[in-house]
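Notes follow the structure.
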Amino acid sequence: MTFFFNDYSTAASLATNLDDKVASDSLAAAGQDYLTITSLSVRQTFGALQFTGTDSDPVVFLKEISSNSDIQTVDVIFPAIPLILYSNPSLLKYLLKPLFLNQENGHYPNTNAIHDLGTFPLAKGYPDGTDEPQPLEECGNMIIMVLAYVQRTDDVDYLNEHYKILQQWAGYLIDEALIPADQISTDDFAGSLANQTNLAIKGIIGLRAMSDISDLTGHADDAANYLNISTSYLEQWQGFGINSEADPPHTTLSYGDADSHGLLYNLYANSLLGFDDFVPQSVYEMQSNFYPTVALKYCVPLDTRHTYSKTDWQIWAAAIASEETRDDFISRMANWINVTPTGRAFTDLYDCTTGEHPGITFTARPVVGGHFALLALPS
């Protein structure tokens, strides 16, 4: 109590400086509507974090919030990373530390990356391997997040420390990323589906990221192998997952389902990692041209199966679209914020037509750190 009382002036100054930075950067990036979104998001992400340890050995735990209170959920950390990278990339290392400690010390039997560490506040993990099965999702997430952290901190020693298990997860991606089995992704509420186009591109970008990780750690042969495989997979993915005969052309929700579509939000990772020479610009332009044709009153639906959408994934898609499409995403969401019939804290899931909760009431979740997707891109 005494500390917080005496620290008021410092805390108030830090808070004001952060507010001012978010405001100025958001306005410069995409205007007032974007600031409306980002200004509501910071507290919800940081409010879900629990800082522990000492100055010399910090650890940050994350509570999933408004679902089942999982702790250290990898696919909740992943959508939040734009705010983490924008504000302080070191926090990402501290968030990933418990996950590495658990798996590198033999407390998880599966070869894929774990989904979470248990129910808050007990991070016991799953020594029997019975975590929620999102193997492809989490392997891609972990590799992408590790490289994103190192790119912004030059902490190559971190890669050397974890190279063995990163290589293990990359091996899983080699086996499973191109043709995803019937499984759930981070949008687990949407149900299971085989051959998910968006899930596959995450795994493929993860393999491309592993090439850079190998290169940075002096594993030249590994780097060449991962690059060759990811490049081959990407070429095949374009044949499997793009309906080039549609008007306008677009990626499908799943391979071979020509009438389907979905937000290709995992493409954002390609830009976040600066892979300008990997996924062709034509794919970006194709999706950017397509999204306005399926937009509803308040948002672009998550996919053809649903009329609802996720705010984090909307902004991920907006961040890599043309300025016109970007602003369309943002203005629809800002309008929804101004007129929403929901009466709780900022939700990340709402119906694109009614603006209501779609039978699932998500409230104040940390995934809204994804709204900083525009500000986290490399300059």
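The values are calculated or read from the model by the stated rules, or taken from the named source; none is laboratory data. Quick caveat, the model's predicted, so the values are computed rather than measured. Ideal geometry is used to build each Cβ from the backbone, glycine not excepted, and the neighbour counts take in all protein chains shown. The area values use the complete protein model at the heavy-atom level, side chains included, leaving out ligands, DNA and RNA. Shrake-Rupley method; radii C 1.70, N 1.55, O 1.52, S 1.80 Å.
Overview of results
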{"quantity": "The range 355-379 - residue that is without any contact (Cβ under 8 Å) to a residue 60 or more places away in the chain and buried (at least 16 other Cβ atoms within 10 Å of the Cβ) and, of those, nearest to Ala319 (Cα to Cα)", "calculated": "Gly355"}
{"quantity": "Selection status of Asn17, open to solvent by 50 Å² or more (accessible area, probe 1.4 Å) and free of Cβ contacts under 8 Å to residues at least 40 places away in the same chain", "calculated": "yes"}
{"quantity": "Selection status of Leu302, touching an Asp or Glu at 6+ places or on another chain (Cβ under 8 Å) and not polar (S, T, N, Q)", "calculated": "yes"}
{"quantity": "Residues located in the range 129-167, provided they are among the polar types (S, T, N, Q) and either under 13 Å from the mean Cα position of the chain (by Cα) or open to solvent by less than 60 Å² (accessible area, probe 1.4 Å) (or both)", "calculated": "Gln134, Asn141, Thr153"}
{"quantity": "Condition met for Gly125 (assigned to a loop (DSSP other than H, G, I, E, B), free of Cβ contacts under 8 Å to residues at least 12 places away in the same chain and either in contact with a His (Cβ under 7 Å, 6 or more places away or on another chain) or open to solvent by 30 Å² or more (accessible area, probe 1.4 Å) (or both))", "calculated": "no"}
{"quantity": "Options Thr186, Thr197: the member that is crowded, with 18+ Cβ neighbours inside 10 Å, modelled with pLDDT under 95 and of a type outside the set (Gly, Ala, Ser)", "calculated": "Thr186"}
{"quantity": "Looking only at the range 27-56, and only at residues there that are open to solvent by less than 50 Å² (accessible area, probe 1.4 Å) and small (Gly, Ala, Ser), the one that is nearest to Asp312 (Cα to Cα)", "calculated": "Ser41"}
{"quantity": "Restricting the range 80-138 to residues that are out of contact with any strand residue (DSSP E or B) (no Cβ under 6 Å at 6 or more places or on another chain) and basic (Lys, Arg), the residue that is nearest to Ile204 (Cα to Cα)", "calculated": "Lys93"}
{"quantity": "Total residues in the range 7-46, condition closer than 16 Å to Arg332 by Cα and not hydrophobic (A, V, I, L, M, F, W, C)", "calculated": "6"}
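Residue-wise test of (1) surrounded by 23 or more Cβ atoms within 10 Å (Cβ to Cβ); (2) on the phi > 0 side of the Ramachandran plot; (3) under 21 Å from the mean Cα position of the chain (by Cα).
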| residue | (1), (2), (3) |
| --- | --- |
| Ser244 | no, no, no |
| Leu264 | yes, no, yes |
| Gly274 | no, yes, yes |
| Tyr284 | no, no, yes |
